[in-house]
Amino acid sequence: MKRLLIISNNVLSTTNNNGKTILSFIEGAEGLEVAQLYFSGELPRVRGYRYFQISDKDIIRGLVSPSKRGREKQATAAAADADDFSIRGRVGRNDLTLMIRDMLWNNKWESPVLKQWLEAFSPDAILFVAGDALFAYPICNAIRDKFQARLTVYVTDDYIMPRTGEPFLHRMRRERIRKYLESTVTRADCFYTISGLMHDEYLREMKAESFIAVNFPDDLFIPDRREPEQTVLTYTGSVYYGRAKILGEIAKILKRRNEQDPGTRAILRIYCNRTPDDEQMREMIIDGGSEYGGSLHREELKQTLNESTLLVFAESFEQEQIEKTKYSLSTKVPEYLSVGRPILAIGPEGIGSIEYLKDVSFCINDIRELEERILHVLASGQDFEEKGKAAREKYLKNHNKKEQQRAFLHHVTGEDEPE
């Protein structure tokens with residue numbers, strides 16, 4: 001049985017984006033023993049795997065006693081989202097605090113208890129989810145060298161491409177991330193990116209060929225689902241990167257429409273795993289146009305999506321936010337496709353998720369056309385069945401979980417090549 005060690009910031013999860021994506025790669029796989037080393041205060045909820053947690057608080061404690069640097073964790077169904085101090089969470093996320101965090105972690109992550117845990121597991125292969133935490137790269141490389149394990153690097157978000165008007169500290173840190181990433185990819189046996197756009201750009205920039213992997217979701221389609229009694233637009237996912245503002249614009253349009261024609265009321269329902277901050281709530285929750293429904297567990301998500309009229313996908317039109325989301329492919333995309341409901345995709349051209357959805361959705365690429373296009377879609381109801389069918393067909397063609405997982409694990413472990 002192969003032993004796979006996952007190294008990432010986020011713990012495996014059935015709800016939170018990165019954790020959910022990683023879980024989809026390994027969930028239900030046979031002949032594979034999995035452990036995870038992660039660097040946040042999240043508590044594991046998914047049973048069946050081994051966990052070791054090192055958080056910012058552990059690193060601070062470890063300045064006095066190395067034995068305080070992390071601990072083995074057991075998954076419990078009652079675990080909260082987080083139980084620990086986070087430098088980024090307490091003092092804010094910016095280039096300065098991230099640099100301070102990296103300095104605190106630098107060469108101060110090792111401990112007897114982690115060494116014992118790693119040696120007991122002795123990984124054959126490593127899946128490293130690379131991000132903007134500089135300290136994670138030397139940790140990954142040290143473990144890889146110690147166990148001579150096969151290494152796969154996976155990038156889910158872009159942290160290396162230039163940003164418009166970026167401050168000096170941001171540029172300096174971005175260039176360091178790029179150097180660490182390039183060095184680690186050079187040593188890796190396999191490289192994965194999350195979208196076609198990222199694949200092409202990273203190949204051009206780093207001369208590194210990669211495979212593409214997005215979330216391998218379960219099929220969320222319910223054959224005997226009921227139709228909603230009113231027009232329900234549903235958005236699930238994070239509201240960062242300017243998405244709250246777009247959702248608010250949709251809600252304002254629905255509010256005006258409902259006031260003019262109360263007999264055909266439409267409502268936007270928004271669900272987030274992490275509670276939005278006060279500003280985001282003010283932006284997106286409009287009385288008479290939108291409602292906030294909190295977080296959804298897996299079965300609740302499935303039921304909610306199937307009982308919706310339209311599934312909403314939204315990205316910001318602001319240049320700063322475009323640069324942050326351009327190369328990603330949201331975990332929501334394959335989930336939405338699987339449901340077979342029509343998708344309303346709002347965002348500028350050239351963003352990975354929007355480009356992927358444009359041929360099977362009602363796609364709005366110009367913010368100036370937002371109200372006219374939304375009202376037209378709702379008034380006519382045309383092509384709802386056709387768009388839902390097209391989305392479903394794309395899911396069945398491109399997102400066969402069993403086949404995707406089999407190919408992915410072949411590349412990660414180097415064994416069991418698909419026929």
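The values are calculated or read from the model by the stated rules, or taken from the named source; none is laboratory data. Worth saying up front: this structure is predicted, and the values here are computed from it rather than measured. All Cβ positions, even for glycine, are placed from backbone atoms using ideal geometry, and neighbour counts span all protein chains on display. The area values use the complete protein model at the heavy-atom level, side chains included, leaving out ligands, DNA and RNA. Shrake-Rupley method; radii C 1.70, N 1.55, O 1.52, S 1.80 Å.
Anything in the range 332-341 that is open to solvent by 10 Å² or more (accessible area, probe 1.4 Å) and not charged (D, E, K, R)? List them, or say none.
The one that is open to solvent by 10 Å² or more (accessible area, probe 1.4 Å) and not charged (D, E, K, R): Gly340.
Which of the residues that make up the range 146-189 are open to solvent by 10 Å² or more (accessible area, probe 1.4 Å), among the hydrophobic types (A, V, I, L, M, F, W, C) and within 25 Å of Pro123 (Cβ to Cβ)?
Within the range 146-189, Phe147, Val185, Ala188 meet the criteria.
Is it the case that Arg274 is open to solvent by 60 Å² or more (accessible area, probe 1.4 Å), out of contact with any strand residue (DSSP E or B) (no Cβ under 9 Å at 6 or more places or on another chain) and either assigned to a strand (DSSP E or B) or more than 30 Å from Phe25 (Cβ to Cβ) (or both)? It would help to see each step written out before you state the result.
Values: open to solvent by 60 Å² or more (accessible area, probe 1.4 Å): yes; out of contact with any strand residue (DSSP E or B) (no Cβ under 9 Å at 6 or more places or on another chain): yes; either assigned to a strand (DSSP E or B) or more than 30 Å from Phe25 (Cβ to Cβ) (or both): no.
No, not satisfied.
Would you say Val339 is closer than 22 Å to Tyr154 by Cβ and at pLDDT 95 or above?
Working: closer than 22 Å to Tyr154 by Cβ: no; at pLDDT 95 or above: yes.
No.
Give the number of residues within the range 365-389 that are open to solvent by 50 Å² or more (accessible area, probe 1.4 Å) and of a type in the set (Gly, Ala, Ser).
Number of matching residues: 2.
Counting only residues that are touching an Asp or Glu at 6+ places or on another chain (Cβ under 9 Å) and open to solvent by less than 10 Å² (accessible area, probe 1.4 Å), which one in the range 343-359 is farthest from Ser308 (Cα to Cα)?
As a first pass, look at the range 343-359 and keep what is touching an Asp or Glu at 6+ places or on another chain (Cβ under 9 Å): 345-349, 351, 353-355, 358.
Checking the rest, the ones that are also open to solvent by less than 10 Å² (accessible area, probe 1.4 Å) come to 345-347, 351, 353-354.
On the way: Ala345: 15, Ile346: 17, Gly347: 21, Ile351: 25, Ser353: 21, Ile354: 20 Å.
Residue satisfying both the conditions and the ranking: Ile351.
Show me the strands (runs of 3 or more DSSP E) found entirely inside the range 8-121 where at least 2 residues are farther than 16 Å from Leu134 by Cα and at pLDDT below 90. Break it down into steps so the answer makes sense when it comes.
Working: elements: 32-38, 50-53, 71-73.
Once the strands (runs of 3 or more DSSP E) in the range 8-121 are filtered for at least 2 residues that are farther than 16 Å from Leu134 by Cα and at pLDDT below 90, nothing remains.
Enumerate the pairs (first residue in the range 373-393 and within 15 Å of Pro223 (Cα to Cα); second residue anywhere and open to solvent by 50 Å² or more (accessible area, probe 1.4 Å)) with beta-carbon separation below 9 Å, excluding pairs fewer than 6 apart on the same chain, so at least 6 apart or on different chains.
Arg392/Phe221
Filter the range 193-249 down to residues that are open to solvent by less than 60 Å² (accessible area, probe 1.4 Å) and among the basic types (Lys, Arg) and give me whichever is farthest from Ile286 (Cα to Cα).
Top of the filtered list is Arg225.
Sort out which residues of the range 281-322 are open to solvent by 20 Å² or more (accessible area, probe 1.4 Å), in a helix (DSSP H, G or I) and either more than 18 Å from Tyr336 (Cα to Cα) or not charged (D, E, K, R) (or both), and write them in order of number.
Of the residues in the range 281-322, the ones open to solvent by 20 Å² or more (accessible area, probe 1.4 Å) are 281-283, 285-288, 291-293, 295-304, 307, 309, 317-322.
Among the residues that remain, those that are also in a helix (DSSP H, G or I) are: 281-283, 298-304, 319-322.
The answer is Met281, Arg282, Glu283, Leu301, Gln303, Thr304, Gln319, Glu320, Gln321, Ile322.
Under 6 Å between Cβ atoms, which residue pairs at least 6 apart in sequence (or on different chains) link something in the range 266-289 that is closer than 21 Å to Gln303 by Cα with a partner that is modelled with pLDDT of 95 or more and open to solvent by 50 Å² or more (accessible area, probe 1.4 Å)?
Arg269/Glu291; Ile270/Tyr292
Scan (1) out of contact with any helix residue (DSSP H, G or I) (no Cβ under 9 Å at 6 or more places or on another chain); (2) open to solvent by 20 Å² or more (accessible area, probe 1.4 Å) for the single condition Arg392 breaks and write down its number.
(1)
Whether any residue in the range 59-70 is open to solvent by 50 Å² or more (accessible area, probe 1.4 Å), basic (Lys, Arg) and more than 18 Å from Arg144 (Cα to Cα) is what I want to check.
Step one: filter the range 59-70 for residues open to solvent by 50 Å² or more (accessible area, probe 1.4 Å), giving 60-61, 63-64, 66-68.
Adding the requirement that they be basic (Lys, Arg) leaves 61, 68.
This time we only want the ones that are more than 18 Å from Arg144 (Cα to Cα), so: 61, 68.
Within the range 59-70 (the criterion being open to solvent by 50 Å² or more (accessible area, probe 1.4 Å), basic (Lys, Arg) and more than 18 Å from Arg144 (Cα to Cα)), the answer is yes, since at least one residue qualifies.
For the range 304-319, enumerate the residues that are more than 19 Å from Ile346 (Cα to Cα) and either among the charged types (D, E, K, R) or within 21 Å of the chain's Cα centre (by Cα) (or both).
Our first condition is that a residue be more than 19 Å from Ile346 (Cα to Cα); within the range 304-319, this holds for 304, 306-307.
Thr304, Glu307 - these are the residues of the range 304-319 that are more than 19 Å from Ile346 (Cα to Cα) and either among the charged types (D, E, K, R) or within 21 Å of the chain's Cα centre (by Cα) (or both).
Taking the condition without any contact (Cβ under 8 Å) to a residue 60 or more places away in the chain and within 20 Å of the chain's Cα centre (by Cα), does Pro262 pass? Spell out how you get there, then give the answer.
Details: without any contact (Cβ under 8 Å) to a residue 60 or more places away in the chain: yes; within 20 Å of the chain's Cα centre (by Cα): no.
Judged against the criteria, Pro262 is not a match.
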